[in-house]
Amino acid sequence: MNIKKVKILATEYDVEEVEQIDKYTRLLGQIEYTEQKIKIDKNISEDLKREVLLHEILHGIFEKLNYEGINNDEQKVHSIASTMYLVLKENNLINVW
Ligand SMILES: [Zn+2]
């Protein structure tokens, strides 16, 4: 993945691909609001990395908007991210990634 930084509503996050995000659970991505970091599992496909990045970006947006309810609803965040990624992909809107 080419993206190393992503700006979410005036907050700049570093994007890092890491070997393991969490020892105990199989997380594919994680956003750390205070450290301004987005971690993505380096061992997944490029396609999935982009979808996971979009998922974490959504968390960043909802955090900024104080949409706490939806931000804590992983199922909803996942559904929005995966369907949005599909739309972007099927319309060739993600060429720069
Ligand atoms: Zn999530």
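We did not get these values from a lab; they are worked out from the coordinates using the rules stated. Quick caveat: nothing in here was measured; it's all calculated off a predicted structure. Every residue, glycine among them, receives a Cβ derived from its backbone with ideal geometry; neighbour counts consider all protein chains shown.
Annotations
- Gln20 sits among other residues whose Cβ lies under 13 Å from its own Cβ, and their net charge, with Lys and Arg +1 and Asp and Glu -1, is -1.
- Cross-link partners of Lys42 among aspartates and glutamates (Cα-Cα below 19 Å; sequence separation of 8 or more within a chain): Asp14, Glu16, Glu17, Glu19, Asp22, Glu32, Glu51, Glu56
- Helix-only [θ]222 nm of the chain, DSSP H runs n ≥ 4, -39500 (n - 2.57) each, per residue, nearest 500: -13000 deg cm²/dmol
- Beta bridges from DSSP with both residues in the stretch 1-63: antiparallel share about 60 percent, rounded to the nearest 5.
- Loop-exposed trypsin sites (Lys or Arg not before Pro) per DSSP, neighbour cap 12 Cβ within 10 angstrom, longest uninterrupted part of the chain: 27-97
- Viscosity 1.306 mPa s, temperature 10 °C, Stokes-Einstein D of the chain from Kirkwood C-alpha radius, µm²/s: 116 µm²/s
- Amide hydrogen proximity for Leu27: with H placed 1.01 Å from N in the peptide plane, the residues at 5 or more positions away or on another chain lying under 5 Å are Ile21, Asp22.
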